[in-house]
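Visitor: I'd like to ask you about the structure that follows.
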Amino acid sequence: MKSLISAAILSTVALTNAALPSKVYASSTVNTHISSHSQYDFSSLADGIRIVNQLKMGISPSEQAWQQLFSHNAYQLVFSISDLTQEKLKNRFEIAFLPMKAVHFDALNAFEKQEVKHLRTALYNLDWINEYKNMLTGSDAVERSLALANQWIPKAFQSKQATQYVFGFFGQNAHASAVGVVLDPYLGYLSDLHAPFELGAHELHHNLRAKIKLAKPLDRGNGFDRAIDHLQHEGVANLIDKSRFLEAQSPFSDEIKNYFASELKKAPNYIIALNKVMSEAASDHENADFMTFQKAGLPLWGHVVGWYMTQTIVKADMKEQLVESMVAPRAFPHLYNQAVERLGTQQPQFSQAVVDVYRQRASLSL
């Protein structure tokens, strides 16, 4: 499941140049073992550190070593949820740490450069790992994240037991599905220092939402249903963490914060554009193309417009209705329209044709 993080949360503490860090740590210097019964699984970190140490010494790890790393649950989740592949991640590690491949850094796109810098910073000095583990266990992080997430889940589907948090070095990212929640540990550490456990709660909300039994299942192969899926689940989850993400003191780069803020200002225009293409597709909604909707008005896979819509709904004192709509996501555009009417603002609304399409689709046996 895509998140804003997958659209590039860029850490300001990343190294500012392409030079390879020289510090090398033995994996034994850090306690990376956590019981499999724990809520926090750091078990992949030791193998990740071993890979990095070999790369720093100019040694290309064996395929067996790579597969041992990727066999960990953290990487199985990453590869199944996101568009990151084994080859992409291998290349990221090699450019970050293998001296002979450092020359390829300048050819990377801006996003990938930040990912490489993130890994270099995370694995230069590992003292933060034990600090983060103590922070998590000493602060009841999962329980606190669960409380934050449950506020935005219908009571019938709220959870008393959170899923296990699984950690692995892969970049400035976090992902979740009904299967589990996976985070890059250094990203989690930086995020929790600034806004304790909000990033985890965002991903945990995705995990819980994916388990909700919808009144009428969504057909994610349909453009209308897939669009509303992105808008609602990212929009609601963003209510948990994105306000503090945009703060000047947050540990993320001004580049991505400014980009997100500028896109948020454009949200009304995106709604107008999205409504236009949806209205045009309404007469043949069964064959609606999601990518047409995405290109017109879903930047960052729904994060921007979805959050704009949920903020509007909450501002209209309709939080309860928003939470209950998690069971019936096709009601989301109509709920947003109602919020705009209640507020009496000049915000753009979805046309009756679009609202009717979602009402019709809610009555179908999909």
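The values are calculated or read from the model by the stated rules, or taken from the named source; none is laboratory data. For clarity, every value in this text was computed on a predicted model and none was experimentally measured. Here the Cβ positions follow ideal geometry from the backbone for every residue, glycine too, while neighbour counts run over all protein chains shown.
Yes or no, residue by residue, for (1) part of a loop (DSSP other than H, G, I, E, B); (2) among the acidic types (Asp, Glu); (3) in contact with a Ser or Thr (Cβ under 9 Å, 6 or more places away or on another chain):
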{"position": "GLU94", "(1), (2), (3)": "no, yes, yes"}
{"position": "THR121", "(1), (2), (3)": "no, no, yes"}
{"position": "VAL179", "(1), (2), (3)": "yes, no, yes"}
{"position": "TYR186", "(1), (2), (3)": "no, no, yes"}
{"position": "LEU190", "(1), (2), (3)": "no, no, yes"}
{"position": "LEU199", "(1), (2), (3)": "no, no, yes"}
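Visitor: Which of the residues that make up the stretch 316-348 are touching a residue at least 40 places away in the same chain (Cβ under 8 Å) and not in a helix (DSSP H, G or I)?
Guide: SER325, MET326, VAL327, ALA328, GLN347, PRO348
Visitor: Pick from PHE111, PHE97: which is touching a Pro at 6+ places or on another chain (Cβ under 9 Å) and assigned by TED's automatic domain parsing to the domain that holds ALA195?
Guide: PHE97
Visitor: Among the residues that make up the stretch 69-81, is at least one of them surrounded by fewer than 16 Cβ atoms within 10 Å (Cβ to Cβ) and at positive phi?
Guide: No, the conditions are met nowhere in the stretch 69-81.
Visitor: Would you confirm whether or not the stretch 164-182 contains a residue that is over 19 Å from the mean Cα position of the chain (by Cα) and surrounded by fewer than 21 Cβ atoms within 10 Å (Cβ to Cβ)?
Guide: No, there is no match, as no residue in the stretch 164-182 is over 19 Å from the mean Cα position of the chain (by Cα) and surrounded by fewer than 21 Cβ atoms within 10 Å (Cβ to Cβ).
Visitor: Then there's this: Given the criteria at pLDDT 95 or above, part of a helix (DSSP H, G or I) and surrounded by fewer than 21 Cβ atoms within 10 Å (Cβ to Cβ), does VAL116 qualify?
Guide: So VAL116 does not fit the description; no.
Visitor: Now, a different point. I want to confirm something. Restricting to the stretch 139-156 and keeping residues that are touching a helix residue (DSSP H, G or I) at 6+ places or on another chain (Cβ under 6 Å) and outside any helix (DSSP H, G or I), which single residue is surrounded by the fewest Cβ atoms within 10 Å (Cβ to Cβ)?
Guide: Checked the stretch 139-156; the qualifying residue surrounded by the fewest Cβ atoms within 10 Å (Cβ to Cβ) is PRO154.
Visitor: Looking at THR345, is it closer than 12 Å to VAL236 by Cα and β-branched (Val, Ile, Thr)?
Guide: It is false that THR345 is closer than 12 Å to VAL236 by Cα and β-branched (Val, Ile, Thr).
Visitor: If I ask for residues that are surrounded by 16 or more Cβ atoms within 10 Å (Cβ to Cβ), free of Cβ contacts under 8 Å to residues at least 24 places away in the same chain and within 11 Å of VAL304 (Cβ to Cβ), which ones from the stretch 248-292 would you list?
Guide: TYR259
Visitor: I've got another one for you. Could you look through the stretch 315-328, keep only residues that are over 22 Å from the mean Cα position of the chain (by Cα) and among the hydrophobic types (A, V, I, L, M, F, W, C), and pick out the one that is nearest to PHE224 (Cα to Cα)?
Guide: Filtering first and then ranking leaves ALA328.
Visitor: Among (1) in a loop (DSSP other than H, G, I, E, B); (2) aliphatic (A, V, I, L, M); (3) free of Cβ contacts under 8 Å to residues at least 40 places away in the same chain, which single condition is ILE313 missing?
Guide: Every listed condition holds for ILE313 apart from (1).
Visitor: Considering only the stretch 228-244, state which residues are within 12 Å of ALA149 (Cβ to Cβ) and hydrophobic (A, V, I, L, M, F, W, C).
Guide: Those that are within 12 Å of ALA149 (Cβ to Cβ) and hydrophobic (A, V, I, L, M, F, W, C): VAL236, ALA237, LEU239, ILE240.
Visitor: For the stretch 312-342, what are the residues that are farther than 23 Å from GLN158 by Cα, of a type outside the set (Ser, Thr, Tyr) and surrounded by 15 or more Cβ atoms within 10 Å (Cβ to Cβ)?
Guide: ALA316, PRO333, HIS334, ASN337, GLN338, ALA339, VAL340
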